[in-house]
């Protein structure tokens, strides 16, 4: 057994197919001065072709896994337009009279080496994006065909030094049992896409193998524990075959729960909604039994384009979502860009700490005309369903009041145009900044509802960037400090008589169900892929027992003890269910 990193959950057993490295040999060619113009034209044509291919791949993957994951390719398009990267290539051509493909290869090597020298796993992962985009450009400059996957339909475990989004986008999940990579970790783009596609992945095996894996080797991978077995003994194959069969049956059983109401065994209803980025995401959430939309991430309407969307375009999307959701609520979060979400056509200032900088509601309040356009579109959609508005990253009463002032302007504009909307539309805020949790009692007097965004709240409270592999082990959603802020926020909402929901990743973690039941949170919103697992836990729990476990967690002093208690309860619940 070889220990790697469990980057995407699940077990796979099968023969290996080793993917050759997607890197091209480039002979060092020098140019005559008169050839420079021709070489630049070759370069620009390669860039245009590469952009077109990336756009096609982005649209293909969007249909498969949704808009959020397909946003990976926005980073690839941005590289082809990055002035520093392109200046490096042009400089090599102009000053050293080298062919375009030589210049591209040298630029790739320069930036990849620079990123690899940084003591930062996140930047090392981003080096793969540079290689992916650069090799795509080289392919066109050299006229080299793509490396293809096996033509037959025999399922296999894909093995590679590293997997780029470009290589993953054409995978048929029915043929790929699992994936193994030498490089990468839980934050890599390959890991993000593997989880979205439901394909087990073990990564981080560099220098851990005594001999290279070969096509045809029998492999077992355990994406939960990060284990790889090479040509294992029969008893290990039998054991993991049983585990894989249990996982397959569990998936089938979970799908049967889609139409079942999410109620504990002692009659407490917990409404499960979906986090979506598009109409396509909503369709998937409804397929898995979502009771509406708890978080519509509208920033994805602003991406993959050359200018801000107008009122009419936004209204059409919001209207479609409202109508498809029927009587179920649709919570639309206003624009949340900045930090790690950039727009090609909207230049944001370079910041030392962008996650703490000019982003989310701060941009909206600074660019009032953009904000009012979005609010007007949301208001118009409120005439077609149970639509609610939610402001992100609120940290003060002043921000709510200023945002509501712009909302009032949008209402007056619609009144002047005699366009209908819900004049009583509910307006809530996200609690994701520690300051908001600290003054939740004050904010509750001005908001119609709270939605706790645990992803940012946890990272802000603990001062841990969860995308940084060096300190990712310090990111503990069940840290006592996090639990205390959750309790403080929920109590403030209940005292003010307003509803409170959770829309971060903790909502989609079935282990956390006892915490929510103990706190009295009965609205959870999560990715569509998490809905059935959480519903299964709720259906097989009693609120009474869960509240007791949740209360016990608040008496424990460490994250590990709290998580262990929640895992223990989950195992006991499963054991009782099997006995019955």
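So the values come out like this:
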item	result
Residue check, residue 285 surrounded by 15 or more Cβ atoms within 10 Å (Cβ to Cβ), in contact with a helix residue (DSSP H, G or I) (Cβ under 8 Å, 6 or more places away or on another chain) and either touching a residue at least 60 places away in the same chain (Cβ under 8 Å) or more than 21 Å from residue 364 (Cα to Cα) (or both)	yes
Test: residue in the range 320-334 that is in contact with a helix residue (DSSP H, G or I) (Cβ under 8 Å, 6 or more places away or on another chain) and without any contact (Cβ under 8 Å) to a residue 40 or more places away in the chain	no
Any hit, the range 192-207, residues being out of contact with any helix residue (DSSP H, G or I) (no Cβ under 9 Å at 6 or more places or on another chain), in a loop (DSSP other than H, G, I, E, B) and surrounded by 15 or more Cβ atoms within 10 Å (Cβ to Cβ)	yes
Within the range 548-561, tally of residues that are under 30 Å from the mean Cα position of the chain (by Cα) and within 17 Å of residue 517 (Cα to Cα)	4
Any chance residue 88 is at pLDDT 85 or above, more than 14 Å from residue 141 (Cβ to Cβ) and crowded, with 17+ Cβ neighbours inside 10 Å	yes
Yes/no for residue 507 being surrounded by 20 or more Cβ atoms within 10 Å (Cβ to Cβ), in the same structural domain as residue 392 (by TED's automatic domain parsing) and in contact (Cβ under 8 Å) with a residue 24 or more places away in the chain	yes
Helices (runs of 4 or more DSSP H) wholly inside the range 1-84 containing at least 2 residues that are at pLDDT 70 or above and out of contact with any helix residue (DSSP H, G or I) (no Cβ under 9 Å at 6 or more places or on another chain)	36-65
So residue 465, is it in the same structural domain as residue 560 (by TED's automatic domain parsing), touching a residue at least 60 places away in the same chain (Cβ under 8 Å) and touching a helix residue (DSSP H, G or I) at 6+ places or on another chain (Cβ under 7 Å)	yes
Pair list, Cβ under 6 Å, 6 or more apart: the range 211-238 residue on the phi > 0 side of the Ramachandran plot and touching a residue at least 40 places away in the same chain (Cβ under 8 Å), other residue buried (at least 18 other Cβ atoms within 10 Å of the Cβ) and assigned to a loop (DSSP other than H, G, I, E, B)	226/4
Yes/no for residue 362 being on the phi < 0 side of the Ramachandran plot, within 23 Å of the chain's Cα centre (by Cα) and at pLDDT 95 or above	yes
Qualifying position, being buried (at least 24 other Cβ atoms within 10 Å of the Cβ), on the phi < 0 side of the Ramachandran plot and outside any loop (DSSP other than H, G, I, E, B), among 457, 483	457
Qualifying positions in the range 543-576 - in contact (Cβ under 8 Å) with a residue 12 or more places away in the chain, in a loop (DSSP other than H, G, I, E, B) and surrounded by fewer than 16 Cβ atoms within 10 Å (Cβ to Cβ)	554, 557, 558
Those residues of the range 247-261 which are surrounded by 11 or more Cβ atoms within 10 Å (Cβ to Cβ), over 25 Å from the mean Cα position of the chain (by Cα) and not in a loop (DSSP other than H, G, I, E, B), in sequence order	253
Out of 235, 266, sole residue that is at pLDDT 90 or above, touching a helix residue (DSSP H, G or I) at 6+ places or on another chain (Cβ under 6 Å), more than 15 Å from residue 11 (Cβ to Cβ) and surrounded by fewer than 15 Cβ atoms within 10 Å (Cβ to Cβ)	266
Flag if residue 171 is outside the structural domain of residue 111 (by TED's automatic domain parsing) and either within 20 Å of the chain's Cα centre (by Cα) or modelled with pLDDT of 80 or more (or both)	yes
Some residue of the range 314-326 being in a strand (DSSP E or B), over 18 Å from residue 366 (Cβ atoms) and modelled with pLDDT of 95 or more	no
Leading residue by the ranking (nearest to residue 489 (Cα to Cα)) among those in the range 521-542 that are assigned to a loop (DSSP other than H, G, I, E, B) and under 27 Å from the mean Cα position of the chain (by Cα)	521
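The values are calculated or read from the model by the stated rules, or taken from the named source; none is laboratory data. Please read all numbers here as calculations on a predicted model, not as lab measurements. Using ideal geometry, Cβ is built from the backbone for each residue, glycine included, and neighbour counts are taken over all protein chains shown.
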